[in-house]
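Enquirer: Please read through the structure below; I'll follow up with questions.
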Amino acid sequence: MKIRNTHISELDTVMAIYDHGRQYMRQNGNLLQWDNGFPPRELIEEDIKNKVSFVVVDDDDKILCVFAFLKGPDITYAKIYDGAWPDERPYYVIHRIAVSEHRKGVASFVYEQCLKKSPVIRIDTHKDNIPMQNSLIKNGFTYCGIIHLLSGDERLAFQKG
């Protein structure tokens, strides 16, 4: 596996992966995260143009995963409730991670590679996204508290590093 920037020509494939991610969440009891077609196509186009959208590809260049990787600070992480960030070191954020098929090791690979870029990674997820929470805990992320998205929705916040 390797990680590279997402190409604009892959937008339809990436959007299909996000559709798959929404379906997977619904099948696993997460009925509210990424509702109303989130993430919108325009946001992903912007991520690609800004070179913050990445894909994990296999040896045949088949896309296995997509995610955004952004340099902090993230405005939604400025205030944390019912907990605290362990420190205020500079960090990067992983957002909008989704896999094309549930293959062992893809998310772990993303975390590992992102930690090579930044020693501190922050990420958040919905309280009903148990598979994602399990993935984060398994990979050494620490639960830090609750953050609020710009929409006001709550998310569980994690940090590693």
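The values are calculated or read from the model by the stated rules, or taken from the named source; none is laboratory data. Keep in mind that what you see is a predicted model, and the values were worked out from it rather than measured. Here the Cβ positions follow ideal geometry from the backbone for every residue, glycine too, while neighbour counts run over all protein chains shown.
Enquirer: Do we have C65 as in contact with a strand residue (DSSP E or B) (Cβ under 9 Å, 6 or more places away or on another chain), buried (at least 18 other Cβ atoms within 10 Å of the Cβ), part of a helix (DSSP H, G or I) and modelled with pLDDT of 95 or more here?
Expert: no
Enquirer: When both residues are 6+ apart or on different chains and their Cβ atoms are under 6 Å apart, which pairs have a first residue that lies in the stretch 72-85 and is under 14 Å from L150 (Cα atoms), and a second that is in a loop (DSSP other than H, G, I, E, B)?
Expert: Qualifying pairs under 6 Å: T76/L149.
Enquirer: Within the stretch 104-140, take every residue that is out of contact with any strand residue (DSSP E or B) (no Cβ under 8 Å at 6 or more places or on another chain) and of a type in the set (D, E) and give me the one that is nearest to A68 (Cα to Cα).
Expert: Residue satisfying both the conditions and the ranking: E112.
Enquirer: Something else about it: Which condition number in (1) more than 22 Å from V57 (Cβ to Cβ); (2) of a type outside the set (S, T, Y); (3) touching a residue at least 60 places away in the same chain (Cβ under 8 Å) is the one that R96 fails?
Expert: Result: R96 fails condition (1) only.
Enquirer: Please work out if V99 is buried (at least 16 other Cβ atoms within 10 Å of the Cβ), under 26 Å from I8 (Cβ atoms), within 11 Å of the chain's Cα centre (by Cα) and not acidic (D, E).
Expert: yes
Enquirer: Also, I was wondering about something else. Among what's in the stretch 70-86 and is β-branched (V, I, T) and over 12 Å from I123 (Cβ atoms), pick the residue that is surrounded by the fewest Cβ atoms within 10 Å (Cβ to Cβ).
Expert: Per the stated criteria, the residue is I75.
Enquirer: Kindly indicate whether D58 is in contact (Cβ under 8 Å) with a residue 12 or more places away in the chain and farther than 19 Å from G152 by Cβ.
Expert: yes
Enquirer: To continue, here is another question. Anything in the stretch 9-42 that is in a helix (DSSP H, G or I), within 14 Å of the chain's Cα centre (by Cα) and without any contact (Cβ under 8 Å) to a residue 24 or more places away in the chain? List them, or say none.
Expert: Passing the criteria: only R22.
Enquirer: Right, something else. Considering the stretch 3-32 alone, what residues qualify as being touching a strand residue (DSSP E or B) at 6+ places or on another chain (Cβ under 7 Å) and among the small types (G, A, S)?
Expert: Once the filter is applied, which keeps residues that are touching a strand residue (DSSP E or B) at 6+ places or on another chain (Cβ under 7 Å) and among the small types (G, A, S), the stretch 3-32 yields only G21.
Enquirer: A further question on this structure: Take the residues in the stretch 69-125 that are farther than 14 Å from K160 by Cβ and in contact with a helix residue (DSSP H, G or I) (Cβ under 6 Å, 6 or more places away or on another chain); name whichever of them is modelled with the lowest pLDDT.
Expert: S100
Enquirer: If we scan the stretch 119-128, do we find a residue that is assigned to a loop (DSSP other than H, G, I, E, B) and polar (S, T, N, Q)?
Expert: Within the stretch 119-128, not a single residue is assigned to a loop (DSSP other than H, G, I, E, B) and polar (S, T, N, Q).
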